[in-house]
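S.K.: What follows is a single structure, and I will ask about it in a moment.
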Amino acid sequence: MEFGLVALTAVLLFFLAFSNGANDVSKAVATLAGAGLTSVRGAIAWGTLWTVAGALAGLLWGSAMIKNISESIYVEGHDFYMPLALAICIAPTLWVALATWRKWPVSTTHAVVGALVGAGLMAYGMQGIDWPTIFAKIVLPLLASPFMAIALAWFLTPSLEKAAKVIDRIRLCLTPVPRVALVGNQMTQAPIEDCLVCTCDSPQAGLTHGITLSVDNMHWLTSGLLSFSRGLNDTPKLIAIVMPFLMLDNLVAPAWLFFWGALAMGAGSWLAGRNITEVLGFNVTKMNHEQGFSANLVSAFLVIGASRFGLPVSTTHVSASSIMGVGLSHRTGMNMKTISGMLFAWLVTAPVAALFAALIYMLGKVYA
């Protein structure tokens, strides 16, 4: 394996993962800032930590995604061709970076698929693209997931909010309850049963060391879980499109690609994740803590489920659609200007990435 190709792989993966982190970290943690639970910077720090953890987890669960992306675009395998490989890597990086600068939350997955198709059309023609497989394994999950997110958030939010209020009344007790308890102004010798889970205002809870659960705790947890699932779902996709530079005989990604991708994604999240976080946290709809918890739980369920079966879904679309579904369930004010801008960016992502890839491919052929 040539050192020059390995170095090029590392550079391309870094910039692609960095731009992904900058645009996508907000999708899981924007609700924390929007609900007033923490600052934008605090939300980004939390999302960055869990995103990196999810990216590293791709070492265990990312092979199905890499196989799906690598084998679902073109009709047959082809020899490595530098202009094609460069076009596929550079086009989504340019588009996602531009969208982040414009404060548009877009899908890196859509950009990657658009680049694969655009460059493939130029290199192999219409007959070289495996259209049925693309539709079944890539396009269908990408199109269906936002509608599923809206529907689930819309219908489940009332029940999830009720569950969140019940959680607010629970205390996990860490030590046994003493036999003598002060109830009101009287000392009683009545035995008080030991409890592992009890209500916060019970004598047992007042006499034990424990952890009081709350919607805030659960909101933090679901944001971390969604950040983890985003890193898990996105990192293998990005690795899949740089792997041709390594010219491996199989589709098993070297471990260093996951570590390098996790580092780059974390850097992009921390250094450039503010713009999109502010848009999704404050400019789509107003949320309280229960609603933010509901949106994140629905999103995490869908993204982790898709990752388990190797299906590429857009965390951007799923998260933003869940926020919209929460707003619809309460008929709260939706900022249609922001939403229309997001929808426009969603619609043009794949075509623009395909156009970028086609242009880069043609330039690469000229100078190859």
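S.K.: Based on what the data block shows, is A30 within 23 Å of A91 (Cβ to Cβ), within 13 Å of the chain's Cα centre (by Cα) and touching a residue at least 40 places away in the same chain (Cβ under 8 Å)?
M.R.: no
S.K.: Step by step: first the residues of region 71-88, then only those that are surrounded by fewer than 19 Cβ atoms within 10 Å (Cβ to Cβ) and part of a helix (DSSP H, G or I), then the one that is modelled with the lowest pLDDT. Which residue is that?
M.R.: Taking the candidates together, the pick is E71.
S.K.: In the list G21, G62, which residue meets the criterion of being modelled with pLDDT of 80 or more and either surrounded by 19 or more Cβ atoms within 10 Å (Cβ to Cβ) or outside the structural domain of V279 (by TED's automatic domain parsing) (or both)?
M.R.: Exactly one of G21, G62 is modelled with pLDDT of 80 or more and either surrounded by 19 or more Cβ atoms within 10 Å (Cβ to Cβ) or outside the structural domain of V279 (by TED's automatic domain parsing) (or both), namely G21.
S.K.: Suppose we filter region 312-353 for residues that are modelled with pLDDT under 80 and in contact with a Gly (Cβ under 6 Å, 6 or more places away or on another chain); how many remain?
M.R.: Number of matching residues: 1.
Condition check ((1) of a type in the set (G, A, S); (2) within 29 Å of Q127 (Cα to Cα)) across all residues:
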| position | (1), (2) |
| --- | --- |
| T9 | no, yes |
| F15 | no, no |
| N20 | no, no |
| G42 | yes, no |
| T51 | no, no |
| G54 | yes, no |
| D79 | no, yes |
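S.K.: Does V113 meet the test of being under 19 Å from the mean Cα position of the chain (by Cα), among the β-branched types (V, I, T), surrounded by 18 or more Cβ atoms within 10 Å (Cβ to Cβ) and assigned by TED's automatic domain parsing to the domain that holds S299?
M.R.: yes
S.K.: Within region 92-113, is even one residue part of a loop (DSSP other than H, G, I, E, B), out of contact with any Phe, Trp or Tyr (no Cβ under 6 Å at 6 or more places or on another chain) and farther than 19 Å from H317 by Cβ?
M.R.: no
The values are calculated or read from the model by the stated rules, or taken from the named source; none is laboratory data. Just so we're clear, the structure is a prediction, and the values are computed from it rather than from any experiment. Here the Cβ is made from the backbone with ideal geometry for all residues, glycine too, and neighbour counts use every protein chain on show.
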